[in-house]
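Notes to accompany the following structure.
The values are calculated or read from the model by the stated rules, or taken from the named source; none is laboratory data. As the structure is a computational prediction, the values presented were derived from the model and not from experiment. Cβ atoms come from the backbone with ideal geometry, glycine included; neighbour counts cover every protein chain shown. The accessibility values were calculated without ligands, DNA or RNA, using every heavy atom of the protein model including side chains. Shrake-Rupley method; radii C 1.70, N 1.55, O 1.52, S 1.80 Å.
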Amino acid sequence: MLVSKTIFSVSGLSSLALLVTFLCSSTVFGSPTARSVDDARRKNCGDTLPDLFSTTIDELQEGLECGAFTSVQLTTAYIARINEVNPILNAVLEINPDALAIAADLDAQRAARKVIGPLHGIPILIKDNIATMDKMNNTAGSFALLGAKVAADSTMAANLRKAGAIILGKTNLSQWANYRSTN
């Protein structure tokens, strides 16, 4: 079953573009896993993602909270879609190798009723010029910086993590984010 296409954005966090076009089948999500939410809430929740063409972060959070899907399932679906379209679009430079582990940790926190912020469990792609202190590269679109490591997350990356976001990967941009001298 075809869910939809979308591009997400968040106005509260520097209007960071969240995810590239998304298309998934219901088979990606499979059956819901055991959840620590009340059965009454689960009955009103359903067991599928909302229409991702028009969904909001709040709607995704509601689905995560009531157990319609998990952050691992959501992250897996985004990775599958990226792998499907990226050979054509070349929009995503790399996927965070720890994304599924981070999603599983956030699912466990949610099950223990410890939601750390408004983006808890939401996968987010960031531009490659936003520094992250993890296994991903920080190249600003330039091969000259391949393998460069930073001392700490950028303020934006740190704030996203503090809000509970899963930094899913890094997106493409022009070299040095189109910053060039005129002389």
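Structure notes:
- Of the residues in segment 133-152, none is touching a residue at least 24 places away in the same chain (Cβ under 8 Å), hydroxyl-bearing (Ser, Thr, Tyr), in a loop (DSSP other than H, G, I, E, B) and under 26 Å from Thr56 (Cα atoms).
- Exclusive hit being of a type outside the set (D, E, K, R) and either within 14 Å of His120 (Cα to Cα) or modelled with pLDDT of 50 or more (or both), set Phe53, Phe8, Phe29: Phe53
- Sole exception among (1) touching a residue at least 12 places away in the same chain (Cβ under 8 Å); (2) open to solvent by less than 70 Å² (accessible area, probe 1.4 Å); (3) in a loop (DSSP other than H, G, I, E, B); (4) more than 20 Å from Ile57 (Cβ to Cβ) for Gly121, by number: (4)
- Hey, Ala101 open to solvent by 50 Å² or more (accessible area, probe 1.4 Å) and hydrophobic (A, V, I, L, M, F, W, C) or not: yes
- On inspection, Leu146 passes the criterion of being open to solvent by 30 Å² or more (accessible area, probe 1.4 Å) and of a type outside the set (S, T, N, Q).
- If you go through segment 97-117 and pick out every residue that is closer than 28 Å to Asn137 by Cβ, assigned to a loop (DSSP other than H, G, I, E, B) and in contact with a helix residue (DSSP H, G or I) (Cβ under 9 Å, 6 or more places away or on another chain), you end up with 2.
- Residue among Leu89, Leu64, Leu106 that is in contact with a strand residue (DSSP E or B) (Cβ under 9 Å, 6 or more places away or on another chain) and in contact (Cβ under 8 Å) with a residue 12 or more places away in the chain: Leu106
- Taking the listed residues Glu62, Glu94, the one that is in contact with a Lys or Arg (Cβ under 6 Å, 6 or more places away or on another chain) and at pLDDT 50 or above is Glu94, with no other qualifying.
- Condition met for Ile82 (surrounded by 20 or more Cβ atoms within 10 Å (Cβ to Cβ), among the hydrophobic types (A, V, I, L, M, F, W, C), part of a helix (DSSP H, G or I) and at pLDDT below 95): yes
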